[in-house]
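Student: Handing you this structure, nothing more for now.
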Amino acid sequence: DSHASARRPAAVFFFVGSCNGGTPRQFQVHASYLASRGMIGIVADYRVKNRQGTSPFECVEDGKSAIRWLRSNAKQLGIDPNRLAAGGGSAGGHVAAATATVPGLNAPTDNLEISSRPNALLLFNPVYDNGPGGFGHSRVKKRYREISPLHNIRRGAPPTVVFLGTKDQLIPVSTAEKYKALMVKAGSRCDLHLYENQTHGFFNWGRKNGRYAETLMTMDEFLVSLGWLTTTEHSE
């Protein structure tokens, strides 16, 4: 029906906060930009340590619940449930990647019939290796295999775009390259964009000498390549 065809692709963003703190406002500009391009942009909140006393495991659980909630309410929200992207920065990028890769960590109240796996990932310096030597390992220790996206890549992983600065203090370029190699091996697309001499958080709006505009346009081009956006002249 005509109403179904009016359903639009959507992107939900998880803020940075190492699952310790942070605010959903961080990706407001990205969500608003995508809305201006005809998508539906959403910023999600989730439980974090400094407000709710939770661990990274609950962060992922909440991320999966958010995706399922959006899908189950897709009709009312005007969202196309088969064109739902998840994005985020740093630990929020970890949450987004985990919703796509990690098989467990589902909330007991969730309807598991509804997939928590997004159809695309938009990852800004994501901390997606929680193995030994990876960021945040001390908080998950022996349970890292349950939560680390890098250790859970399998066939069917959604197309992914990754933005990383070569001078990131938390994520070595080698980790991003390893993630890409594992994605390719699993038959999935992973576009890795490296930014010379940029440090952690370089993609944020208002960051002095950062790369906000550049990463925004590259994210746009990625969504155009998926057929979710039509090519138009970009307006900043």
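Student: Taking the Cβ of Met39 as the centre, find all other residues whose Cβ is under 9 Å away and add up their charges (Lys, Arg: +1; Asp, Glu: -1).
Tutor: Numbers: positive: Arg8, Arg37, Arg83; negative: none.
Charge balance near Met39 sits at +3.
Student: Quick one: length gained pulling Thr109 to Ala35 fully straight, 0.36 nm per residue minus the C-alpha distance? Numbers along the way, then the final one.
Tutor: Values: separation 74, 0.36 × 74 = 26.64 nm, distance 3.05 nm.
Result for the pair: 23.6 nm of gain on full extension.
Student: Calculate, for the chain, the solvent-accessible area per residue in square angstrom, rolling a 1.4 angstrom probe over the heavy atoms of the protein chains.
Tutor: 45 Å²
Student: If you don't mind, another one. Under the rule of at least 5 residues apart or a separate chain, name every residue whose amide H is placed under 5 Å from the amide H of Asp191.
Tutor: Distant-sequence amide H within range of Asp191: Thr160, Val161, Val162.
Student: Mean residue ellipticity at 222 nm from the helices of the chain, using -39,500 (n - 2.57) per DSSP H segment of n ≥ 4 over the full residue count, to the nearest 500 deg cm²/dmol? It would help to have the intermediate numbers written out before the result.
Tutor: Working: 10 runs with 84 residues, N = 236.
It comes out at -10000 deg cm²/dmol, rounded to the nearest 500.
Student: Here's something else I'd like to know. Considering the values [x] 1, 7, 15, 20, 21, 18, 11, 5, 2, 0, 0; [y] 1, 6, 10, 11, 9, 8, 7, 6, 6, 6, 5, 5, 4, 3, 3, 2, 2, 1, 1, 1, 1, 1, 0, 0, 0, 0; [z] 1, 6, 13, 17, 18, 16, 12, 8, 5, 2, 1, 0, which represents P(r) over Cα pairs in 5 Å bins from 0, in percent as calculated for the structure under consideration?
Tutor: Calculated P(r) over Cα pairs in 5 Å bins from 0, in percent: the matching label is [x].
Student: Counting only protein chains, not ligands or nucleic acids, how are Lys208, Lys142, Lys64 ordered by accessible area (probe 1.4 Å), most first?
Tutor: Values: Lys208 165, Lys142 195, Lys64 5 Å².
Largest accessible area first, the residues go Lys142, Lys208, Lys64.
Student: From the phi of every residue in the range 105-115, what ³J(HN,Hα) in whole Hz does the Karplus formula 6.51 cos²θ - 1.76 cosθ + 1.60 yield, where θ is phi - 60° and glycine or proline is x?
Tutor: 6, 9, 5, x, 8, 6, 8, 6, 5, 8, 5
Student: Could you let me know the centre-to-centre spacing of the range 165-222 and the range 72-126, using Cα atoms, in angstrom?
Tutor: Computed from Cα coordinates, the inter-centre distance equals 20 Å.
Student: I've got another one for you. How much length is gained on full extension from Asn197 to Ser138, taking 0.36 nm per residue of separation minus their Cα-Cα distance?
Tutor: Working: separation 59, 0.36 × 59 = 21.24 nm, distance 2.74 nm.
That works out to 18.5 nm of additional length.
Student: How big is the C-alpha Rg of the range 78-183 next to the rule-of-thumb value 2.2 N^0.38 Å, as a ratio?
Tutor: Values: Rg = 13.6 Å, N = 106, 2.2 N^0.38 = 12.9 Å.
The reported ratio for this selection is 1.05.
Student: Quick one: among Glu214, Glu113, Glu58, which has the greatest mean-square fluctuation in a GNM of the chain with alpha-carbon springs under 10 angstrom?
Tutor: The residue that fluctuates most here is Glu113.
Student: To the nearest 20 debye, what charge dipole does the chain have about its Cα centre, counting +1 at the Cβ of each Lys and Arg and -1 at the Cβ of each Asp and Glu? Please report the intermediate quantities before stating the final value.
Tutor: Working: 28 positive and 19 negative charges, 133 e Å.
Roughly 640 debye, rounded to the nearest 20.
Student: Here's another thing I want to ask about it. With the crude spin-label approximation of a point 7 Å out along Cα→Cβ, what separation in nm comes out for Arg8 versus Thr231?
Tutor: In this crude label model, Arg8 to Thr231 measures out at 2.2 nm.
Student: Next up: Could you check how much of the accessible area of the range 128-236 is carbon and sulfur, as a whole percent, using a 1.4 Å probe?
Tutor: Numbers: 3020 of 5840 Å².
Ligands and nucleic acids excluded, carbon and sulfur give 52 percent.
The values are calculated or read from the model by the stated rules, or taken from the named source; none is laboratory data. Computed from a predicted model, the values in this text were never measured in an experiment. Using ideal geometry, Cβ is built from the backbone for each residue, glycine included, and neighbour counts are taken over all protein chains shown. Just so you know, the surface numbers come from the protein's heavy atoms only, side chains and all, with ligands and any DNA or RNA stripped out. Shrake-Rupley method; radii C 1.70, N 1.55, O 1.52, S 1.80 Å.
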